[in-house]
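Please treat every number below as a calculation from the coordinates, not as lab data. Because the structure is a prediction, the values reported are computed rather than measured. Every residue, glycine among them, receives a Cβ derived from its backbone with ideal geometry; neighbour counts consider all protein chains shown.
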Amino acid sequence: MRRVHSWLRARRGVARLTSLAMLLTAWWVVVPLVDTNVVPTLGEVAVFMWDEIRMDTLAPATLYQSFATTLGRLAIGLSAALVVGMTVGLLMGLSTRVHLALEHFVVVGLSVPSLVYALITAMWFGFGSTGPILTAFMASVAFITMSTAEGVKNVPTDLLEMATAFNIRRSTAIRDIVLPSLLPFLFAAIRFGVASGWRGLVIAEIFASASGAGWMVMYWYDARRVQGVVGYAMFFLLFALLLDVIFDKVSAHVFRWRPALGARAA
Amino acid sequence: MTSRAQPRELVWRLVGVGGFFLLWQAAALATPDFVVPPPVSVAAEIVGIFTSGLFWPNFSRSMQTIGIGFIVAYTGGIVLGIIMGRSRWWDGFFRDWLNSTLMMPGLIVVVVVTMMLGLGQSTAVTAVVLTAVPYGAINIAEGVRAAPRDLLDMARAFRVAGARTLRDVLLPAMAPFLFTAARYVFSLCWQTTTLVEVVGGTRGIGFMMKREFQIFDMASFIAWCVTFFLFTIAVERLVLQRLVDRSLAWRPEIEVRTAR
């Protein structure tokens with residue numbers, strides 16, 4: 001069983017590598033054949049990325065500086081969104097009245113694109129850090145609220161009743177019943193919050209900022225350097241993959257007690 | 001859902017909406033009009049959009065992009081999703097790319113595509129398809145995997161025709177995933193469409209939003225957003241959600257969940 005499993009995983013690994021190799025080859029072979037200067041060759045992008053990694057850049061900020069700026073903004077916006085979203089979500093989960101009063105706003109908030117927040121905050125606060133931070137906050141807060149509210153409703157009432165019947169202390173009940181059933185929802189909330197906050201932040205930086213990783217894309221776009229735009233897109237990709245790996249690891253660790261999820265994660 | 005509960009439910013919903021408008025009005029009074037315009041002037045702007053004749057040409061252009069993008073992206077998502085759901089190899093082959101596109105800010109895709117293809121409508125459709133396909137594919141792949149193995153085996157054992165298996169076993173099991181995918185793909189389609197139009201459009205709702213943004217006309221900007229997003233939310237919630245509910249009415253456990 002274990003052997004079959006590792007074989008399948010290895011085969012999946014082969015598939016992943018094949019697809020990567022095929023894309024790179026296609027890029028490497030096809031682009032020089034098409035006589036165009038708007039699609040960068042693999043070499044141009046690679047050179048650009050390597051230069052950026054070595055901090056040898058024409059842009060006003062290095063790769064590390066701009067990602068640090070963006071991540072800092074994401075951290076501020078997301079922590080605020082977590083605090084607000086979880087508080088409101090708890091209230092919504094516990095009280096039907098609050099739920100009824102706020103439900104529409106959460107639904108609308110989920111569907112409003114971050115672009116709107118980015119442009120409005122840009123009109124309000126100009127091209128500083130406030131706009132992007134607020135956009136990251138707005139882009140993630142609705143999902144965190146909804147997820148927390150769902151999680152509270154998901155707490156098994158029968159187990160809670162049993163805990164009351166057996167006179168189990170409140171703190172123990174919260175730690176052993178409420179938290180474990182809330183945790184997957186919180187985790188989903190944080191994961192999705194990071195993803196959508198990050199996307200919103202980049203949009204805000206592109207339209208309404210003069211620093212950060214998103215703005216760098218706009219910088220190279222305005223400079224008409226396609227390899228810069230594609231190179232930065234690649235950095236975003238690598239960053240996204242890194243985040244994904246981290247989340248998978250953390251999730252596998254946090255949910256290792258759950259047989260079903262653990263099996264799927266492996 | 002007793003008859004006694006309904007009026008109270010309405011009351012609390014109204015409290016939420018009323019509170020929101022009160023806050024808005026208060027903020028409008030406390031700040032100059034170009035920072036927070038009062039609800040009344042936004043409403044006037046919305047009326048203005050419809051009476052000025054600006055609505056239809058821009059709206060129809062956006063809808064065209066959304067429509068073409070949706071058809072291509074949804075079909076592509078279904079094909080990819082079925083391939084990925086049936087084979088672990090292809091799942092591994094595509095998974096990284098789909099995940100990367102999911103995490104990639106849509107605007108980056110838009111900027112790259114705009115640089116490569118210029119400012120035409122093909123740019124818009126390409127960007128829409130690129131950003132929306134992963135949402136479709138991943139949902140459909142989950143649906144294929146959720147198909148009841150035992151029922152499929154039974155259908156094969158009793159030599160049920162392929163078309164009937166598809167209609168009576170596979171489709172009912174996959175229906176929720178198909179509809180979820182449709183909702184995601186649609187929502188991605190209109191979001192990316194506005195993004196493309198903001199970056200490099202010459203017509204369309206996004207283009208109008210950008211114009212109002214550039215002349216700092218907050219009331220008109222909000223008016224365009226509200227008009228368009230109310231429309232899209234209506235399509236998502238009323239049309240697509242209604243379809244989902246109807247197609248799932250036979251499933252007792254889902255019905256209980258939507259009723260709550």
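Laid out as a table, the results:
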| item | result |
| --- | --- |
| Chain A: DSSP helices with Cα axial extent of at least 18 Å and average Kyte-Doolittle hydropathy no lower than 1.0 | A:63-94, A:96-111, A:179-208, A:226-254 |
| Theoretical ellipticity at 222 nm over chain B - DSSP helices of four or more residues, -39500 (n - 2.57) apiece, nearest 500 | -27000 deg cm²/dmol |
| P(r) of region B:1-139 over all Cα-Cα pairs, binned every 5 Å from zero, in whole percent | 2, 8, 10, 11, 10, 9, 11, 14, 12, 7, 4, 1, 0 |
| Gained length - B:Phe216 relative to B:Trp24, 0.36 nm times residue gap less alpha-carbon distance | 67.2 nm |
| Positive-pole candidate from B:Thr51, A:Val141, B:Val239, dipole of the protein assembly as shown, charges at beta carbon | B:Val239 |
| Relative contact order [Cα under 8 Å, 6+ residues apart], region A:44-164, whole percent | 34 percent |
| Most mobile listed residue (A:Val108, A:Val217, A:Val226) in chain A, GNM with C-alpha springs under 10 Å | A:Val108 |
| Cα gyration tensor category, rounded, prolate or oblate, for chain B with a/c compared to 1.5 | oblate |
| Extension reserve of the B:Ala234-B:Asp150 stretch, reckoned as 0.36 nm per residue once the Cα distance is removed | 26.4 nm |
| For the protein assembly as shown, the fraction of alpha-carbon pairs in successive 10 Å shells from zero, as % | 3, 15, 27, 27, 18, 8, 2, 0 |
| For region A:39-265, average projected area of the Cα convex hull in nm² | 15.3 nm² |
| Kyte-Doolittle mean at least 0.0, axial Cα span of 20 Å or more - DSSP H helices of chain B | B:5-30, B:55-86, B:121-146, B:171-200, B:218-234 |
| Distance (nanometres) between label positions extended 7 Å along Cα→Cβ at A:Leu71 and B:Arg203 | 4.6 nm |
| Principal axis dimensions, region B:90-214 - Cα atoms, whole angstrom, descending | 66, 27, 20 |
| Chain B - percent relative contact order, Cα under 8 Å, separation 6 or more | 24 percent |
| Distance (nanometres) between label positions extended 7 Å along Cα→Cβ at A:Ala46 and B:Gln64 | 4.2 nm |
| Order of A:Tyr117, A:Tyr64 under a 10 Å beta carbon neighbour criterion, fewest first | A:Tyr64, A:Tyr117 |
| Cut-off 15 Å (backbone N to label point 7 Å along Cα→Cβ of A:Asp248), residues of region A:13-28 | A:13-20 |
